[in-house]
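Student: Dropping a structure here in structure tokens format, bear with me for questions.
The values are calculated or read from the model by the stated rules, or taken from the named source; none is laboratory data. Keep in mind that this is a model prediction, so the values were computed, not measured. So basically every Cβ, Gly included, is an ideal-geometry build from the backbone, and we count neighbours across all protein chains shown.
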Amino acid sequence: MSKLGRNDLLGIGFTSQRRRDQLLDRLQAEGVRHPEVLRVMRNMPRHLFVDEAMANRAYEDCALPIGFGQTISQPFIVARMTEAIIGGVNEVRPKKVLEIGTGSGYQAAILSMLVEQVYSIERIEPLYQRSSALLKKLQLDNVEILHGDGTLGWPDKAPYDAIIVTAAPEDVPDALYEQLAEGGRIIVPLGKAGSVQRLTIIRKTEDGLEPQELELVSFVPFLSGRN
Ligand code: SAH
């Protein structure tokens, strides 16, 4: 916890602790189990990842607008996806993770406390600028963000032990399968925009791709091209 320790000294991540504790107690009651996911989310100042006007709602368990028609995901879903990415306490934890859809940077920040290196791609330039600046301010130096189209993945940094997609495509782009290490996993909400999607974990094994559906979710659409 050295990174958040430093931030606490700067006075960041300290003021809303009581409200974060209440949120995390609720997530735990709803079935979030992984002790480290709970610990990291209990310490992460989510209010810094939303507009100031929304900061008082940052510890409600809901998605919130972050501008440009996009949202920061609901904390329960962030917890679920993070658990799916890092695996159980007895499993080998992925070291290098690629995220498609940086948005506010919150999911990337949570992952950065749990794995060695996070790469994240955002197609909307102002969101890319804002999340890059915030993660730098929080000294989360093991996150690198690219302004680009996640359809192409980030081939220079491949292979990835895990890939998390935080916008909903109808199908997983081929490039992401190609850039996934064998034994790795993709977690992705699959389905049409504007309807519910199926949060799916797809494992890449020597026998091929093995999908497993987790739960129904609602994400903003995965769009091709940069903005
Ligand atoms: N993980 C984010 C969730 C943001 S919402 C968070 O914690 O806040 C999803 C984001 O995915 C949006 O910012 C959207 O612009 C981005 N996105 C959608 N399609 C994309 C693509 N093809 N490549 C990169 N980013 C994409």
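Student: Here are the criteria: (1) surrounded by 15 or more Cβ atoms within 10 Å (Cβ to Cβ); (2) touching an Asp or Glu at 6+ places or on another chain (Cβ under 9 Å); (3) of a type outside the set (D, E, K, R). Tell me which single one residue 155 does not satisfy.
Tutor: Looking at each condition in turn, residue 155 falls short on (1).
Student: Considering only the range 179-189, I want to know if a residue exists there that is surrounded by 14 or more Cβ atoms within 10 Å (Cβ to Cβ), among the charged types (D, E, K, R) and under 17 Å from residue 92 (Cβ atoms).
Tutor: Within the range 179-189, one or more residues are surrounded by 14 or more Cβ atoms within 10 Å (Cβ to Cβ), among the charged types (D, E, K, R) and under 17 Å from residue 92 (Cβ atoms).
Student: Kindly list the number of the only condition in (1) modelled with pLDDT under 95; (2) under 25 Å from residue 40 (Cα atoms); (3) within 14 Å of the ligand (Cβ to nearest atom) that fails for residue 215.
Tutor: Tallying (1) modelled with pLDDT under 95; (2) under 25 Å from residue 40 (Cα atoms); (3) within 14 Å of the ligand (Cβ to nearest atom), residue 215 fails exactly one: (3).
Student: Collect the residues in the range 64-87 that are in a loop (DSSP other than H, G, I, E, B) and near the ligand (Cβ under 9 Å from one of its atoms), keeping them in residue-number order.
Tutor: 68, 69, 73, listed by residue number.
Student: Then there is this: Counting residues that are modelled with pLDDT under 90, which helices (runs of 4 or more DSSP H) fully inside the range 1-63 reach at least 1?
Tutor: Hits in the range 1-63: 2-9, 17-29.
Student: So how many residues does the range 193-202 have that are surrounded by fewer than 17 Cβ atoms within 10 Å (Cβ to Cβ) and within 25 Å of residue 146 (Cβ to Cβ)?
Tutor: Let us first name the residues in the range 193-202 that are surrounded by fewer than 17 Cβ atoms within 10 Å (Cβ to Cβ), namely 193-196, 198.
From the residues that got through so far, the ones that are within 25 Å of residue 146 (Cβ to Cβ) too are 193.
Of the residues in the range 193-202, 1 are surrounded by fewer than 17 Cβ atoms within 10 Å (Cβ to Cβ) and within 25 Å of residue 146 (Cβ to Cβ).
Student: If I go through the range 28-37 residue by residue, how many of them are buried (at least 17 other Cβ atoms within 10 Å of the Cβ) and without any contact (Cβ under 8 Å) to a residue 60 or more places away in the chain?
Tutor: Qualifying residue count, the range 28-37: 2.
Student: Of the residues 69, 88, 103, only one is closer than 25 Å to residue 225 by Cβ, surrounded by fewer than 19 Cβ atoms within 10 Å (Cβ to Cβ) and of a type in the set (Gly, Ala, Ser); which?
Tutor: Every option except 69 fails the conditions.
Student: Now, a different point. Six or more apart or on different chains, Cβ atoms under 8 Å: show the pairs whose first residue is in the range 104-132 and among the aromatic types (Phe, Trp, Tyr) and whose second is assigned to a loop (DSSP other than H, G, I, E, B) and modelled with pLDDT of 95 or more.
Tutor: 106/44; 106/73; 119/154; 128/102
Student: Now, a different point. Does residue 163 satisfy the criteria of being crowded, with 21+ Cβ neighbours inside 10 Å and out of contact with any strand residue (DSSP E or B) (no Cβ under 8 Å at 6 or more places or on another chain)?
Tutor: The answer is no for residue 163.
Student: Taking the residues in the range 203-224 that are touching a helix residue (DSSP H, G or I) at 6+ places or on another chain (Cβ under 8 Å) and over 19 Å from residue 62 (Cβ atoms) as candidates, determine which candidate is surrounded by the most Cβ atoms within 10 Å (Cβ to Cβ).
Tutor: Filtering first and then ranking leaves 222.
Student: Using the structure shown, decide if residue 201 is part of a strand (DSSP E or B), within 10 Å of the ligand (Cβ to nearest atom), under 21 Å from residue 91 (Cα atoms) and under 18 Å from the mean Cα position of the chain (by Cα). Outline the logic, then answer.
Tutor: Working: part of a strand (DSSP E or B): yes; within 10 Å of the ligand (Cβ to nearest atom): no; under 21 Å from residue 91 (Cα atoms): yes; under 18 Å from the mean Cα position of the chain (by Cα): yes.
Considered against the rule, which asks whether it is part of a strand (DSSP E or B), within 10 Å of the ligand (Cβ to nearest atom), under 21 Å from residue 91 (Cα atoms) and under 18 Å from the mean Cα position of the chain (by Cα), residue 201 comes out as no.
Student: Follow-up. Out of the residues in the range 38-62 that are of a type in the set (A, V, I, L, M, F, W, C) and either in contact (Cβ under 8 Å) with a residue 24 or more places away in the chain or touching a Phe, Trp or Tyr at 6+ places or on another chain (Cβ under 8 Å) (or both), which is surrounded by the most Cβ atoms within 10 Å (Cβ to Cβ)?
Tutor: Selected residue: 49.
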